[in-house]
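The values are calculated or read from the model by the stated rules, or taken from the named source; none is laboratory data. All values reported here derive from a predicted model rather than from experimental measurement. So basically every Cβ, Gly included, is an ideal-geometry build from the backbone, and we count neighbours across all protein chains shown. Areas reflect the complete protein model, heavy atoms only, side chains present, ligands, DNA and RNA absent. Shrake-Rupley method; radii C 1.70, N 1.55, O 1.52, S 1.80 Å.
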Amino acid sequence: MPPNEYIYKKKSSIHGWGIFARKAVGKGTRIIEYMGEKITKAEADRRGPLLIEYAKKHKQAGAVYIFVLNKKYDIDGHVSYNTAKYINHSCAPNCEVDIIRGRIWVIALRDIRKDEEISYNYGYDLDTYDEHPCLCTSSCCPGFITAQEHWPKLRKILQKKDKKS
């Protein structure tokens, strides 16, 4: 697969590897497609726990790359040709993900500077928030990787926990 004109991979201050802008990227640009094996929801439910166990056993964080595609299918991005799997989460992201005609695209939310790390909010549910501490260090970060819509409820949960301890 030829190199992407917009991005390159290097060590990240957020987590492990990251994806960075090779050049200035304009708002609305489709930067990279999230690619991988198209699998059923049942297969994703089978693989997910196995990948989590494998990651724990080998002390690897962020080793599950299953992305929701639609009601029937997911994309398992744990393939060598999926550079987008290295994009880190941020609570103040410069990109968003959009599914366009059955393809998952990472799209610039704003103009991105050359060498700036590419990020998007992973949008996790609240039910397993404590399994996903956030390392993004943005000023709005609630401390865990969740969709922004869950932040008010998450902050209330965390306040109650603080009061108990």
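Using a 1.4 Å probe on the protein heavy atoms, what percent of the accessible area of the range 1-101 belongs to carbon and sulfur? Mind dumping the intermediate values first?
Values: 3300 of 6150 Å².
It is 54 percent, rounded to a whole number.
For the chain, the 222 nm mean residue ellipticity estimated from helices alone, with every DSSP H stretch of n ≥ 4 adding -39500 (n - 2.57) and the total spread over all residues, rounds to -6000 deg cm²/dmol. Placing unit charges on the Cβ atoms only, positive for Lys and Arg and negative for Asp and Glu, gives the chain a dipole magnitude near 220 debye about its Cα centre. Oblate is the label for the chain, because a/c, from the alpha-carbon gyration tensor with a ≥ b ≥ c as root eigenvalues, is 1.5 or above and a/b does not exceed b/c.
Contact order normalised by length for the range 1-112, with contacts defined as Cα pairs under 8 Å and 6 or more residues apart; what percent is it?
Values: 185 pairs, mean separation 38.2, N = 112.
Taking the mean separation of contacting Cα pairs over the length of the range 1-112, I get 34 percent.
Label reach from D115 (point 7 Å along Cα→C-beta): in the range 13-27, amide nitrogens under 17 Å belong to 13-14, 18-25. Most tightly packed first, judged by the mean number of other beta-carbon atoms within 10 Å of their residues, the peptides 9-18, 136-145 read 136-145, 9-18.
Whats the longest run of the chain with zero GluC sites (Glu not before Pro) that are DSSP loop and have at most 13 other Cβ atoms within 10 Å? Before the final figure, lay out each step's value.
Numbers: sites that count: E5, E116.
Excluding the exposed sites themselves, the longest stretch runs over 6-115.
Modelled label positions at K38 and R101, each set 7 Å beyond Cα in the direction of Cβ, lie 1.4 nm from each other.
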